[in-house]
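Heads up, the thing below is written out as C-alpha cells.
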Amino acid sequence: MTMGTTVALGVSSSISVYKACEVLRGFQKNGLEVRVLMTLNASRMIAPLLFSALARSKAIVDPIQEESGGSIAHIELAREISLFCVAPATANVIAKFAKGVADDFLSTFYLAVDSPVLIAPAMNEAMFLHPRTQANIRALKAAGVEFVEPEKGYLACREEGWGRLAAPERIVEEGLRLVRRSRSLAGKRVLVTAGPTREYLDPVRFLSNRSSGKMGYALAAEALSRGAEVTLVSGPTALLPPFRAKLVPVETGGEMGAEVAARAPEADVIIMAAAVSDFRFPETAGRKLKKNEFDGRIALVPTPDILEGLGRSRRKEAVLVGFAAETDRLEENALRKLREKNLDIVVANDVKTEGIGFDADENQVVIIDRNGRAVRTERLSKREIGRLILDEVEGVFGRKNR
Ligand code: CTP
C-alpha cells in the first residue's frame, strides 16, 4: 500500500468494540494511516484515549462540542481517505446509514464520503436477522456499500447464533482489497451508455422502450468507485447521475450514436448498456399531427446499430462490452451478438422475468467473454451486478494490455 493512504475506522457500541483495536493495527501493519471515529456510546464502553494512542492521532467522538479551528472536519477527512470501514457496526448505525440520518459525527461522515465503504456488523442474532436490519443491509449494498458478514458463535448475550463480529483479519483483508480496487481503473476513460432512446413521430409522440437506465447508471457509479474517468451518454431517465460522472444527455439514437462516436477513440472501456430503439419513423413532423391524418399504418425504418459500428472501428486495446436483451435462448442469442458485433464481453439480460432486467432495481445476468467463458450471477442489485461486470472488464483489459 502506498505511504500516506488513510483509512477512517468507525467504531460503534458493541461488546466486540475491543476488537476494533486489532482491526486498527491490522491496517497499520499494511502501511495504512488510521483515523478513528467513535460514536458517543462506543466512547462510554472504551476510552477514546486508547484509540488515540494506537492511531497516534486523536480519536474523533463529537467534534461539534470541541474546538474545530474553523475547518469542516467531516468533509476534510472524507476527501482524504481511501476507505471508510465501520467495525463493529451496530443495527442502529446500519439503519442510520441506510436512511441517511445524520445526527452524529459517524452518520454525518457517511454521507460525506465518496471512498469505498466497508461495514462489519456485530449484534444479537435476532437483531441481525430482523427483516428491518436485512432490508437496511440490502439498501446499502444496492448503494455500493460492502459488508463483512458476521460469524456464527457464542454472543455476548449468552446466546449462540449469527451476529458475532467477523475476525479482524477478515475485515482487514477485505478493507485492503477495497483500497486496491478504488484505484484499479485510475487514469482510464470509461464510456457508458444508458437508458432508452426516443424516436419522434412529431413533437409530442415518440417510439421508446421500458429501459429505466438503472443498469447503465450503476455501471457508471461502479467505474467511478474504481477511479475511472466516466462519461455517461444517457437517454431520458428519472435518475440522478452519479457524483463525478460527466453526463451527456441525448434523446434519439442518432444523437447517441454521434456522441458515442466522438468519444469512442479516447475510451479504454466502452459499455453499451443503452436500449437503443431499433426503428425510427422515416421523418419527424414539425407540428403535431392530427388524428384524422393517420390511416392506421405507420411506416418505420431501421436505425444504425451503434455497437456494431464500434465493433468495426474499434481499437484492439480497448474493451468493448454490449448487452443482449433476450426473452428466450438467452446465452445462445447473446453469444451470437458477441460474435456478430465483435465484442469482448456480452452481458446476457433476461428481460422476460418480472423483477429483473428492464425497469427493475435488480438483475440476474450471464457475463460471457470471447472464449465463451460464462459467469452466471445470482439475482442481485444492479450495483452488485455492475461490480461483477467490471471485474470481468478489468480481467480482459489486463490480458489485452499486459
Ligand atoms: N444496440 C446499439 N444500437 C442499436 C441497437 C442496439 O448499439 N440500434 C446495442 C445495445 O446497446 C446493446 C446491444 O446492441 O448493447 C444489443 O441490443 P439488443 O436490443 O439486445 O439486440 P439487437 O442487436 O437490437 O438485436 P434484436 O433486437 O434482434 O435482439
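The values are calculated or read from the model by the stated rules, or taken from the named source; none is laboratory data. The structure displayed is predicted, hence computed values, not measured ones. Cβ sites come from the backbone with ideal geometry, for glycine too, and all protein chains shown count toward neighbours. Each accessible area value is taken on the protein alone, full model and side chains, heavy atoms only, with ligands, DNA and RNA left out. Shrake-Rupley method; radii C 1.70, N 1.55, O 1.52, S 1.80 Å.
In segment 351-362, is there at least one residue being of a type in the set (A, V, I, L, M), assigned to a loop (DSSP other than H, G, I, E, B) and more than 18 Å from residue 334 (Cβ to Cβ)?
yes
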Considering every residue within segment 314-326, establish whether at least one is surrounded by fewer than 20 Cβ atoms within 10 Å (Cβ to Cβ) and either near the ligand (Cβ under 8 Å from one of its atoms) or assigned to a helix (DSSP H, G or I) (or both). yes
Pick out the one residue from 113, 101 that is touching a strand residue (DSSP E or B) at 6+ places or on another chain (Cβ under 7 Å), among the β-branched types (Val, Ile, Thr) and open to solvent by 10 Å² or more (accessible area, probe 1.4 Å). 113
Residue among 369, 344 that alone is farther than 17 Å from residue 210 by Cβ, buried (at least 16 other Cβ atoms within 10 Å of the Cβ) and away from the ligand (no atom under 13 Å from the Cβ): 369
Determine whether residue 351 is of a type in the set (A, V, I, L, M) and over 23 Å from the mean Cα position of the chain (by Cα). no
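Would you say residue 391 is open to solvent by 50 Å² or more (accessible area, probe 1.4 Å) and not assigned by TED's automatic domain parsing to the domain that holds residue 145?
So residue 391 fits the description; yes.
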From the set of residues in segment 327-341 that are free of Cβ contacts under 8 Å to residues at least 24 places away in the same chain and near the ligand (Cβ under 9 Å from one of its atoms), which is most open to solvent (accessible area, probe 1.4 Å)? 337
Would you be able to tell me the number of residues in segment 30-51 that are over 21 Å from residue 157 (Cα atoms), assigned to a helix (DSSP H, G or I), open to solvent by 10 Å² or more (accessible area, probe 1.4 Å) and touching a residue at least 24 places away in the same chain (Cβ under 8 Å)? 2
Among (1) closer than 24 Å to residue 155 by Cβ; (2) of a type outside the set (Lys, Arg); (3) in a loop (DSSP other than H, G, I, E, B); (4) within 20 Å of the chain's Cα centre (by Cα), which single condition is residue 123 missing? (4)
Of all residues in segment 248-280, how many are surrounded by 17 or more Cβ atoms within 10 Å (Cβ to Cβ), touching a residue at least 60 places away in the same chain (Cβ under 8 Å) and within 15 Å of the ligand (Cβ to nearest atom)? 14
Segment 61-81 - residue that is open to solvent by 20 Å² or more (accessible area, probe 1.4 Å) and modelled with pLDDT of 90 or more and, of those, nearest to the chain's Cα centre (by Cα): 79
Need the failing condition index for residue 396 against (1) assigned to a helix (DSSP H, G or I); (2) open to solvent by 20 Å² or more (accessible area, probe 1.4 Å); (3) in contact with an Asp or Glu (Cβ under 8 Å, 6 or more places away or on another chain), just the number. (2)
Considering only residues that are without any contact (Cβ under 8 Å) to a residue 60 or more places away in the chain and among the charged types (D, E, K, R), which ones fall in segment 231-247? 246
Anything in segment 289-311 that is open to solvent by 40 Å² or more (accessible area, probe 1.4 Å), more than 30 Å from residue 337 (Cβ to Cβ) and part of a loop (DSSP other than H, G, I, E, B)? List them, or say none. 290, 294, 295, 296, 297
Please work out if residue 286 is small (Gly, Ala, Ser), at pLDDT 95 or above and open to solvent by 40 Å² or more (accessible area, probe 1.4 Å). yes
Quick one: which residue in 198, 181, 226 is over 30 Å from residue 29 (Cα atoms) and either within 16 Å of the ligand (Cβ to nearest atom) or touching a residue at least 24 places away in the same chain (Cβ under 8 Å) (or both)? 198
Mind checking which pairs have a first residue in segment 304-325 that is over 19 Å from residue 194 (Cα atoms) and a second that is near the ligand (Cβ under 9 Å from one of its atoms) and open to solvent by 20 Å² or more (accessible area, probe 1.4 Å), Cβ under 7 Å, 6 or more apart or different chains? none
